[in-house]
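Please treat every number below as a calculation from the coordinates, not as lab data. In this text, all values refer to a predicted model and were calculated from it rather than measured experimentally. When we count neighbours, we look across all protein chains shown, and the Cβ atoms used for this are built from the backbone with ideal geometry, even at glycine.
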Amino acid sequence: MIPKISLKPENFNPFRFKKLKDGNVILTSEHGGYAIISEPQFQKLLAGEPPENDETVKTKLENAGIIGLALEKSALAFAKKHAFMACGPNLHILVVTLRCNHACQYCHAAVAPMDAEGFDMSQETAKKIIDTAFFSTAPKISFEFQGWEPLVNWEVVKYSIEYAKEKSERLAKPVQFSLVTNLSLMDEEKMAFLLHHNVGLNTSLDGDESTHNFNRTFLKGNSYKNVEFWIRRIDAFSQEKYWRKNVISALLTVTSKSLKKWKECVDTYDSFGMDQLFWRPLNAMGYGAKTFSFLWYSPEEFVASYERVLDYLLELNKSGKSTMKEAYSTIFLKKILTPYDPNYVDTRSPCWAGIGQVAYNYDGKIYTCDEGRMLARMGSDAFQIGEVSEDPRNTYVSMITSPSTKAILSASLIEWLPGYESDPYKPYIGSCPANNFKATGDIYPKYPTDFKRRIETGILDALFIRLQDADNERIFRTWIAN
Ligand code: SF4
């Protein structure tokens, strides 16, 4: 039976709500505050009983900004969470080659083989890209080198870092670098250069040896052993020479095989001394959906494995055996427990692709984001927003004002999208137009079937249920401390 609703809306800031699996009700405010109360307490609110009648409810609703917060302050809190919209692109992704020596299950159909010609970025294109990036209004610029395997085109990576650093000093605009690599072409010289220039390194580690080598096919050797060697070597070198720990992080792409090996995956990361594990679902970009249906799973299967990983990590943290955190959770916990957004494009609204981040392909074509350039490899230039030229200022202006940039912005602004606009987790989630386009041919998402949204709903449900336990909350707060 639907209860009679006598709640006085003028006494509340806007909020959304839902019932959690444990029977309690979560209420979220527009800027991401939350309160969890029992169902009887919620029913009393609906029946018009003032929250002030129950001290616990009153305090929770005040902390969430649902009552007692002037609308202006609520708007300021919302603005703080969207501070990323105040400037131009800070993340500039350079896809320096389409070649790779691996043939990973979820990616290999898109890879150019090592003997292919014409798929490497030239030094001239790299220079034009860096000149364009320096026109960004962002106070700091991040360059991320990707490929398929960026170390295949090492000379251009090296040149780009040196040129961007020189330009940074000349223009007094800070830069930082990161490189995403499978580590198979790493050597002592490259490692020394990268660490000297403080380049953040990111690799793929898909779990224990059998899972990793199943997912990440490498015919010229043992991919797992190679990654293990270099993670340990880089960590040791960095600590010895620069006193810096954890300069290399890793991503784990979950396939159907990893679902069963979740514990081995966590134990592997722990044994490597990693400070975090990212239990990250497959992405339709890698051609996986059609060609390798055996790698896939339902959102519910993924969430079940995520909960196992999360509980195991909480147990390790509580017993003092490990301080490792789970990265997907940490992104959401920052949104839930702090006034700031962690700037993870996939989970923010708008995603700000084409303005917050830009991807430059090997041939100088510019895309809204990394996923956009992957779609280009799959035959669609729908996400192209420009091309580098001799006039970097003009390139910059035309790319951030291009019609495609505007279309992507509107498609990723979930505030007005059916289903999302009333979702209680709206303050924490986002939508990826490139993913939507790949899945359905439309940049707008379909709420009921949106794979990513269903996974993120499951993750948030799991986090909010566990946040009600003080010990869990204490551990979660250590995960977001840095
Ligand atoms: S996932 Fe990375 S290492 Fe594997 S084939 Fe793709 S680019 Fe190469």
task = Tell me the GluC sites (Glu not before Pro) within the stretch 381-438 that lie in a loop according to DSSP and have at most 16 other beta-carbon atoms within 10 Å.
result = Glu390, Glu421
task = Quote the relative contact order of the stretch 9-81 in percent (integer), defining contacts as alpha-carbon pairs under 8 Å separated by 6+ residues.
result = 32
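Would you mind putting 436-442, 402-408, 18-24 in packing order, based on average other-beta-carbon counts within 10 Å, highest first? Before the final figure, lay out the partial values.
Numbers: 436-442: 16.1, 402-408: 18.4, 18-24: 12.4.
Highest mean packing first, the order is 402-408, 436-442, 18-24.
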message = Just to confirm my numbers, what's the Cα centroid distance between the stretch 24-101 and the stretch 399-438 in Å?
response = 18
key: Given charges at beta-carbon only (K, R positive; D, E negative), |dipole| of the stretch 9-81 in Debye   = 400
message = If amide hydrogens are placed 1.01 Å from N in the peptide plane, which non-local residues have theirs closer than 5 Å to the one on Lys325?
response = Gln276, Leu277
note = Scalar couplings 3J(HN,Hα) for the stretch 68-79 by Karplus 6.51 cos²θ - 1.76 cosθ + 1.60 (θ = phi - 60°), nearest whole Hz, x for Gly and Pro, are x, 10, 4, 4, 4, 5, 5, 5, 5, 5, 5, 5
ask   = Which of the aspartates and glutamates could a cross-linker bridge to Lys167, judged by Cα under 14 Å and excluding same-chain residues fewer than eight apart?
value = Asp131
Amide H partners (placed H, <5 Å) of Ser142, local residues excluded = Leu91, His92, Gln176
task = Return the lysines within reach of Lys263: Cα separation strictly under 16 angstrom, same-chain partners fewer than 8 residues apart disregarded; answer none if there are no such residues.
result = Lys321, Lys325
task = Mind checking which of Leu61, Tyr106, Thr395 is farthest towards the positive end of the chain's charge dipole, using Cβ charges of +1 (Lys, Arg) and -1 (Asp, Glu) about the Cα centre?
result = Leu61
ask   = Among 218-224, 59-65, 323-329, what's the highest-first ranking by average C-beta atoms within 10 angstrom per residue?
value = 323-329, 59-65, 218-224
query = Under 5 Å between amide H atoms, partner at least 5 residues away or on a different chain: which partners does Arg280 have, H built in plane at 1.01 Å?
reply = Leu252, Val254
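Holding the Cα-Cα limit at 21 Å, pick out from Lys18/Lys335; Lys19/Lys438; Lys60/Lys318 the pairs that are longer than that.
Working: Lys18/Lys335 18 Å; Lys19/Lys438 32 Å; Lys60/Lys318 26 Å.
From Lys18/Lys335; Lys19/Lys438; Lys60/Lys318, over 21 Å: Lys19/Lys438; Lys60/Lys318.
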request  = Provide Rg and Dmax in Å for the chain, with only Cα atoms included in the calculation.
outcome  = 23.3, 74
task = Determine the dipole magnitude for the chain: charges of +1 sit on the beta-carbon of Lys and Arg, -1 on that of Asp and Glu, nothing else is charged, the reference point is the Cα centre, and the result goes in debye to the nearest 20.
result = 400
inquiry  = I'd like the Karplus ³J(HN,Hα) series for the stretch 451-460: coefficients 6.51, -1.76, 1.60, θ = phi - 60°, whole numbers in Hz, and an x wherever there's a Gly or Pro.
reply    = 4, 5, 5, 5, 5, 5, 4, x, 5, 5
message = Nearest 10 degrees is fine. How inclined is helix 299-318 to the longest principal axis of the chain, computing both from alpha carbons?
response = 90
request  = Please turn the phi angles of the stretch 397-414 into ³J(HN,Hα) values with the Karplus equation 6.51 cos²θ - 1.76 cosθ + 1.60 (θ = phi - 60°), one per residue in order, whole Hz, x for glycine and proline.
outcome  = 5, 5, 6, 7, 10, 5, x, 5, 4, 5, 5, 5, 4, 5, 6, 9, 8, 6
